[in-house]
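Report on the structure given below.
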Amino acid sequence: MKSQTIKRALAILLTLVMVFAIVSCTKKPEEVGKEGEGKEAEGKSEAKDDEKKEDEPAEVTADVPADRYDATVTPRTGNNETTPLVVSTGTLDGKFSSFFNTSAYDTDVVDMTQIGLLYYNKDGAPEAGIDVPSLAYEYDQEVSDDQSKSVYTFVLKNGIEFSDGEPVTAKDVLFSMYVLSDPMYDGSSTFYTMNIEGIDEYRHQTSADVLHQVDAILEAGIKDDDGSMVINPANGISEEQQEAFWSYLDEAGERFAQEIIDVVNTAYPQYIETDFQPYTPEEVADDETLQAAYGMLMWGFGELDEDGKFTDAMGNEYDLAEDTIDAKIYWENILDAYGYDLDEDEGINAEKAGDANVEDYVKEAYIAAEGRVEGGVDSISGITTGTVKSEDGVEREFIKIVLEGVDPTAIFKLGVTVSPFHYYTDGYTGNLNDVGVDVGNKEFMDFLKTKNDRPVGAGPYVFDEYKDNVVYYTANDNFMLGSPKIKNFRYQEITLGAELDSVLTGTVHYADPSAATEIVSDIESGTGNYEKLGYTLVDNDGYGYIGLQGQAIPEFEVRKAIAHAMNVQLSVDDYYGELASVNYRTMTKILWAYPDNPENLYPYDETGETSKALFLEAGYKYDEANNKMVYPDDHEKAGEQVTFKFTLPSEAKDHPAGSIFIDTQEVLAKIGVEVEMEVDQNLLNKLNTAYESGVQVWAAAWGSGGVDPDMFQIWHSDPNVNQGPPRSGLYYLYENGSDEEKAMLTELNELIMNGRSTLDVEERKEIYKRALELSTGIAVEIPTYQRKNMYVFNKDVINTDTLFSGEDVTPFQSPISFIWNVELN
């Protein structure tokens, strides 16, 4: 039972991440110190450091640029010394921690104080080196010949300090990685999802033998028999062991149901006032029963009548003012609906709101209760440290990570923010291991959160305070790339939509308002307060498209006919103007994998003759006397005029695809095809069940895709491999399409998996070039536009020559990304 109002679009949109493969950016350094595993290796490295400190403190030359600016030697002058640079930000949550921040705005606040193990440049590619704001001096990645292992080695810079003067060492890197890998870690990082050797044993605090046993039980699975659970036999596993494992299903099911409740209430409170009357978002936020009921209602497991009576999917009635509804009741409803069918399309797991299936929760509960290793697992075998001698003859620390298999996205997860062990553990009274964590102890995680109000790191600025909607910073003169030229920096919270006004009034000096041709025109005209403004445009990380649901329009020729009737240029000419460009592939143009100057696979034919020929090729008939295209004889609507429904989430005049739809309607009318246009404000919530919801042709846009071209979640069409929502009808076409469509999708699936199996950039470019031809060519998604975002700044205050501009500004690098180089006039 899926929700009729809201689906899992959020998970799909937020999980697209890109890959840049860098194959060995330096030669492999010569190893000096003996490498060990986990805490033992770190202990050896630490002992060696202690010996140096106690016996003969060695002079270490810092790995910093030779021409590094030092404000303690050459003091700042003028406005750089006395005037703060003020930059706009949105509403802050106050979680100023690289471990636990949840909003992009909070992340910006934290990043001002931090460095990462790697730096990701204007193209989103990882970098290391003396002139780069990374802790890594150099790095190397290797893949074994049989692709069973991937090894990443990060050599660390010498002589780098945190803003409080403490040295940055390998222990700080290990501490950061181990926090993100801890069994009790509940932040947003996905570091622990990498297949690092030994990470499962660490996170579950169990042995490899127990994990193998659990995997065998899960592989065998269970099935439903008229509402009863039947455990399938598992090789080498006793019936008693399996029964013990699955006895935790109800406990796990409640957690599974609670995740749905949490996701609905966190991501979709905007529908409470329309779909959950008479309650308000504030009332729901303060009442756990209302939260559970709202979660069930939005996922299709309950109804609320005018009198405030809630009826669940099992027919039970509740008075929300007096009765209790919780995850246990929700889980009982899910079991009633599906029995013990765990299928991801038609069973229990079709309801999941996040990445975890219900059996993932069973695994966690079982191991926590019965599979823990006595004494715990203190280290991750695939994370080691030691010292090496680089090509310049200098000895440096290194971190080595060993992954199972090949993961092109790993390099983007490994570049963790390096947090100071000494600061984040100061005051903790529990037992810390050699890498500075108290493994699996919730009290330790809670203690780390007590530091959320003040981030400390080795970044360009020192966090001073957050007061009255302003974040105050002072320059970190210890910063590796030089003292920031501006002594004081501030983030000022600005209401959404007021960013431009805040620059015009002088409240802030730099902001990123929504791009509009009126703003560009006003700035270029230089009238009034606009005279002091400058701006930069940059491509948005996302693109617009028109969807053609493959199951609703199963004939390939018909989808191609509609595509040829669409003038996608109109989204630019009639809506965005200079603030967008036409896109011809199903990928954002900012990614390195986007091909150079791709051809338009469906050139526009305003006469309709190309479309007409394709309808006839598909077996449709044209009644020339009455100018009607009619369905073929074997169609359920045989003899009726061909009609399509085009859906927009807003009025045509207010949408980038509006003029495209109107023009397409006119072109298809020339050949007797009728187009009915409708506005549905809930369109985006229906797309994951577009076919069931009656959506045939629609317009929408994909949001941020990150820095990886991986096409799996949206475009892999084998339902036995990909369990993402079937919005475009690809699963249907893979199993029921024409021979041509099946061949295209089979090749596309193979290319997608090949793109995930190599770190070679050039090889991947060729893979995605062909994959994009197929994904665009199958005509379930017609790309339309790539719009631009905007940065606006006060050029009377900021020395614009010190900002990034032109091609140096990308979705991955803003004009002030190198804030330490920015100066005031």
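The values are calculated or read from the model by the stated rules, or taken from the named source; none is laboratory data. Note that the structure is a prediction, hence the values are computed from the model and not measured. Glycine gets a Cβ as well: all are built from the backbone with ideal geometry, and neighbour counts include every protein chain shown. Note: accessible area is taken over every heavy atom of the protein model, side chains too, but ligands, DNA and RNA are not part of it. Shrake-Rupley method; radii C 1.70, N 1.55, O 1.52, S 1.80 Å.
Residue by residue through the range 757-772, note down the ones that are in contact with a helix residue (DSSP H, G or I) (Cβ under 9 Å, 6 or more places away or on another chain) and buried (at least 20 other Cβ atoms within 10 Å of the Cβ).
Selection gives Leu759, Arg764, Ile767, Tyr768, Ala771.
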Have a look at Glu578, Glu617, Glu651, Glu640 and point out the one that is of a type in the set (Asp, Glu) and farther than 30 Å from Ser693 by Cα. Glu578
Unmet criterion (only one of (1) part of a helix (DSSP H, G or I); (2) over 14 Å from Gln549 (Cβ atoms); (3) not acidic (Asp, Glu)) for Ala701: (1)
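Return yes or no: is Asp360 open to solvent by 30 Å² or more (accessible area, probe 1.4 Å), farther than 29 Å from Arg203 by Cα and out of contact with any Cys (no Cβ under 6 Å at 6 or more places or on another chain)?
Details: open to solvent by 30 Å² or more (accessible area, probe 1.4 Å): yes; farther than 29 Å from Arg203 by Cα: no; out of contact with any Cys (no Cβ under 6 Å at 6 or more places or on another chain): yes.
So Asp360 does not fit the description; no.
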If the requirement is being under 19 Å from Thr385 (Cα atoms) and in contact with an Asp or Glu (Cβ under 6 Å, 6 or more places away or on another chain), which of these qualifies: Tyr178, Tyr137, Tyr119? Tyr137
Quick check: anything in the range 313-323 among the hydroxyl-bearing types (Ser, Thr, Tyr), farther than 28 Å from Asn722 by Cβ, in contact with a Lys or Arg (Cβ under 8 Å, 6 or more places away or on another chain) and open to solvent by 10 Å² or more (accessible area, probe 1.4 Å)? yes
Going through the range 215-256 in order, the residues found to be of a type in the set (S, T, N, Q), part of a helix (DSSP H, G or I) and more than 37 Å from the chain's Cα centre (by Cα) are Gln241
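So, Glu303, is that one crowded, with 20+ Cβ neighbours inside 10 Å, under 17 Å from Val264 (Cβ atoms) and among the charged types (D, E, K, R) or not? Give the steps one after another, and end with the answer.
Values: crowded, with 20+ Cβ neighbours inside 10 Å: no; under 17 Å from Val264 (Cβ atoms): yes; among the charged types (D, E, K, R): yes.
No.
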State the number of residues belonging to the range 363-382 that are crowded, with 21+ Cβ neighbours inside 10 Å, among the hydroxyl-bearing types (Ser, Thr, Tyr) and touching a Gly at 6+ places or on another chain (Cβ under 6 Å). 1
Here the qualifying pairs (Cβ atoms under 9 Å; residues six or more apart or on different chains; first in the range 696-712 and under 17 Å from Asn540 (Cα atoms); second modelled with pLDDT under 85 and open to solvent by less than 10 Å² (accessible area, probe 1.4 Å)) come out as Gly705/Met18; Gly706/Met18; Val707/Met18; Val707/Val19; Asp708/Met18; Asp708/Val19; Pro709/Met18; Pro709/Val19
crowded, with 19+ Cβ neighbours inside 10 Å, under 28 Å from Trp820 (Cα atoms) and of a type in the set (D, E, K, R) - does that describe any residue in the range 182-195? no
Every residue in the range 206-233 that is out of contact with any Leu (no Cβ under 8 Å at 6 or more places or on another chain) and farther than 29 Å from Ser381 by Cα, please. Lys223, Asp224, Asp225, Asp226, Gly227, Ser228, Val230, Ile231, Asn232, Pro233
Answer residue from the range 709-750, given it is touching a Pro at 6+ places or on another chain (Cβ under 8 Å) and surrounded by fewer than 21 Cβ atoms within 10 Å (Cβ to Cβ) and is nearest to Lys413 (Cα to Cα) among those: Pro719
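Within the range 383-460, considering only helices (runs of 4 or more DSSP H) that don't extend past its boundaries, which have at least 3 residues that are hydrophobic (A, V, I, L, M, F, W, C), buried (at least 16 other Cβ atoms within 10 Å of the Cβ) and in contact (Cβ under 8 Å) with a residue 40 or more places away in the chain?
Working: elements: 410-414, 421-425, 442-449.
The helices (runs of 4 or more DSSP H) meeting that bar are 410-414, 442-449.
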Mind listing just one residue for me: the one in the range 106-150 that is free of Cβ contacts under 8 Å to residues at least 60 places away in the same chain and under 18 Å from the mean Cα position of the chain (by Cα) and, of those, surrounded by the fewest Cβ atoms within 10 Å (Cβ to Cβ)? Thr107
Taking the condition of being open to solvent by 40 Å² or more (accessible area, probe 1.4 Å) and within 13 Å of Arg727 (Cα to Cα), how many residues in the range 677-692 meet it? 4
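Within the range 797-818, how many residues are of a type in the set (Ser, Thr, Tyr) and under 18 Å from Met112 (Cα atoms)? Give the derivation first.
Of the residues in the range 797-818, the ones of a type in the set (Ser, Thr, Tyr) are 800, 802, 805, 810, 814, 817.
Then keep just the ones that are under 18 Å from Met112 (Cα atoms); that gives 802, 814, 817.
Summing the residues that are of a type in the set (Ser, Thr, Tyr) and under 18 Å from Met112 (Cα atoms) in the range 797-818 gives 3.
Out of all the residues in the range 69-94, which are modelled with pLDDT of 95 or more, part of a loop (DSSP other than H, G, I, E, B), surrounded by 15 or more Cβ atoms within 10 Å (Cβ to Cβ) and not hydroxyl-bearing (Ser, Thr, Tyr)?
Initial filter on the range 69-94 (modelled with pLDDT of 95 or more): 69-89.
With part of a loop (DSSP other than H, G, I, E, B) added as a condition, the list becomes 69-78, 83-84.
Retained after the next criterion (residues that are surrounded by 15 or more Cβ atoms within 10 Å (Cβ to Cβ)): 69, 71, 76, 83-84.
Result: Ala71, Arg76, Pro84.
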